[in-house]
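Enquirer: First, the structure itself, so that you have it in front of you.
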Amino acid sequence: MLTMTEAATANPSDPEPKPPLIDPVCGSGSPAIATLERLTVRYPRWKRIYGKIEDCRVLSKNAAEPRCLLIVGRSGVGKTSLIQKYLAEHPPRETATGRVVPVLFAQIPAPATIKAMASHLLEALGDPMPQRGTLDGMTQRSVRLIAACQVELIILDEFQHFIDREKNFKVLQTVSDWLKNLINSTRVPIVLVGMPESVKVLTENDQLARRFMAKERLSPFQWRGDGKDEFIRFLEEVSEKLPLAEKPMIYSVDVAQRMFWATEGRTALVMKIVRSATREALVNNWKTITIRELAKAYTEALVGDDDELTNPFLGPIPPIDAYGRPVRLSQDEPKEQTPKKRFKAAGSASKSDFSSMMKGQAA
Ligand SMILES: Nc1ncnc2c1ncn2[C@@H]1O[C@H](COP(=O)(O)OP(=O)(O)O)[C@@H](O)[C@H]1O
Ligand SMILES: [Mg+2]
């Protein structure tokens, strides 16, 4: 196994012609790129929420009332991709007696209206004319098709669209009453997925809230207590699953701290950096990725400028405070400062740390 710094120096200067990796063509259709895009790490908190969704589906079958669930989390924590995995593992199937849709999924449109909700459901159920009919007619058709397609669970993403951002963040009461009635008439459990502010919909609709007593939060990774180990283990699993000939050391404590500083533990941002760096390695037929590719990916895929002063993959390890928050360059600090000066205030890296890192980068 190469360290990040050894690998950084190995890549561009290696004179040996390298054998093709998984696939010599690294276009968007190549198997390596497909593996990269599909890569999902089932870490313990992820599996727990996945299990809660499965419980709603399975345990509602013999329950007096359907077991519904609300899942909330900030943008980019991985809610939609978790749902997509669940859907992929419970796909629709055609049978002799018609289409069976064990899990019905729809994205709630913004702002949510009954007509749009019903037509999204009808479309997912295979209705040939999902937009046709009156509101009542469409709702009745949805209820009938949900039974005919033997739907066991409904998952609705973007639940925050039940709040109208354009109109003073008002909760859309008619559509939340419609949803409550849909649960009553189909008796199929619903999993709602949305941003943390979605809970407001339930606090303003007691009857709907009664159905959604169970709540789960998918939080970003943390950089304190056990969270640090969890984040490092996540990076290690990502590293193992990457379509690269050699497992990159993105899970060493120092790279993990840089990665946390760059992303605040949000899976979407971590994966954006890692995917971009990996694509670069695949295109160039390199065995692995190094801190050099991570630095480039941070600039190109995340921040979109070339200000090296704020690149956490360059220079000393950027500091994270006692609450697990990245310490950022303060607004009033002059931009021309070197990275060495920038992190001095937070007491992070010594002069020698800084010099050796810069040497590593220059190699
Ligand atoms: N467990 C995971 N393993 C690997 N990548 C993940 C994981 N969870 C999320 N991602 C990646 O993060 C990105 C954003 O996730 P997404 O599910 O859209 O977040 P959200 O719906 O919470 O905004 C996607 O590119 C996805 O591939
Ligand atoms: Mg989402």
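We did not get these values from a lab; they are worked out from the coordinates using the rules stated. No experiment lies behind these values; they were computed from the predicted model shown. Ideal geometry is used to build each Cβ from the backbone, glycine not excepted, and the neighbour counts take in all protein chains shown.
Enquirer: Please give the contour-minus-distance gain from THR174 to VAL58: 0.36 nm per residue of separation, less the Cα-Cα distance, rounded to one decimal in nm.
Expert: 38.8 nm
Enquirer: Quick check for you: which residues of the stretch 100-121 have the amide N under 15 Å from the point 7 Å beyond the Cα of GLU197 toward its beta carbon?
Expert: 110-112
Enquirer: ARG328 label point, 7 Å along Cα→Cβ, cut-off 19 Å on backbone N: hits in the stretch 275-316?
Expert: What the label zone holds, given the 19 Å backbone N cut-off, is 298-314.
Enquirer: Separate question: Kirkwood-based Rg over Rh for the stretch 160-245 (C-alpha set), two decimals? All intermediate terms of the calculation are to be shown ahead of the outcome.
Expert: Numbers: Rg = 18.8 Å, Rh = 16.0 Å.
Ratio value, two decimals: 1.18.
Enquirer: Determine, for each peptide in 287-296, 111-120, 221-230, the mean count of other beta carbons within 10 angstrom over its residues, then list the peptides with the highest first.
Expert: Values: 287-296: 24.3, 111-120: 20.0, 221-230: 15.2.
Output ranking for 287-296, 111-120, 221-230: 287-296, 111-120, 221-230.
Enquirer: Additional query: Could you derive backbone 3J(HN,Hα) for the stretch 185-201 from the dihedral phi with the Karplus parameters 6.51, -1.76 and 1.60 (θ = phi - 60°), listing whole Hz in sequence and x where the residue is Gly or Pro?
Expert: Once rounded to whole Hz, the list reads 7, 9, 6, 9, x, 10, 10, 9, 10, x, 6, x, 5, 4, 4, 4, 4.
Enquirer: Which cross-chain or sequence-distant (5 or more) residues have an amide H under 5 Å from the amide H of PHE105, H modelled 1.01 Å from N in plane?
Expert: Close amide H contacts, sequence-distant or interchain: ILE155.
Enquirer: Express in nm, to one decimal, how much length is gained between LYS215 and ALA147 on full extension, taking 0.36 nm for each residue of separation and deducting their alpha carbon distance.
Expert: 21.9 nm
Enquirer: Continuing with the same structure: How long is the gain from ARG165 to ASP229 if the chain were fully straight, where each residue apart is worth 0.36 nm and the alpha carbon distance is subtracted?
Expert: My answer for the length gained is 19.3 nm.
Enquirer: For the stretch 44-217, what is Rg from Cα atoms divided by 2.2 N^0.38 Å, rounded to two decimals?
Expert: Computed over Cα atoms of the stretch 44-217, the ratio equals 0.98.
Enquirer: Whole-Hz ³J(HN,Hα) for each residue in the stretch 63-75, computed from phi via Karplus 6.51 cos²θ - 1.76 cosθ + 1.60 with θ = phi - 60°, x for glycine and proline: what do you get?
Expert: Karplus-based 3J(HN,Hα) across the stretch 63-75 equals 8, 5, 10, x, 8, 9, 8, 10, 10, 10, x, 5, 4 Hz.
Enquirer: Could I ask something else about it? Distance check, please: which entries in LYS79/LYS247; LYS180/LYS215; LYS85/LYS200; LYS247/LYS272; LYS115/LYS180 exceed 21 angstrom between their Cα atoms?
Expert: Over 21 Å Cα-Cα: LYS79/LYS247; LYS85/LYS200.
Enquirer: Next up: Along the stretch 227-239, what does the Karplus equation 6.51 cos²θ - 1.76 cosθ + 1.60 (θ = phi - 60°) give for ³J(HN,Hα), rounded to whole Hz, x for Gly and Pro?
Expert: So the J values, rounded to whole Hz, are x, 4, 5, 4, 5, 5, 5, 4, 4, 5, 5, 4, 4.
Enquirer: Quick check: pseudo-label points 7 Å beyond the Cα along Cα→Cβ at ALA245 and LEU135, how many nm apart are they?
Expert: If labels sit at ALA245 and LEU135, their model points lie 6.3 nm apart.
Enquirer: Please compute one quarter of the surface area of the Cα convex hull for the stretch 28-143 and express it in square nanometres.
Expert: Mean shadow area of the hull around the Cα atoms is 10.6 nm².
Enquirer: GLU216's amide H: which non-local residues (gap 5+, or another chain) put their own amide H closer than 5 Å, with H modeled 1.01 Å from N in plane and none for Pro or chain starts?
Expert: So GLU216 has HN proximity to LEU70, ILE71, VAL72.
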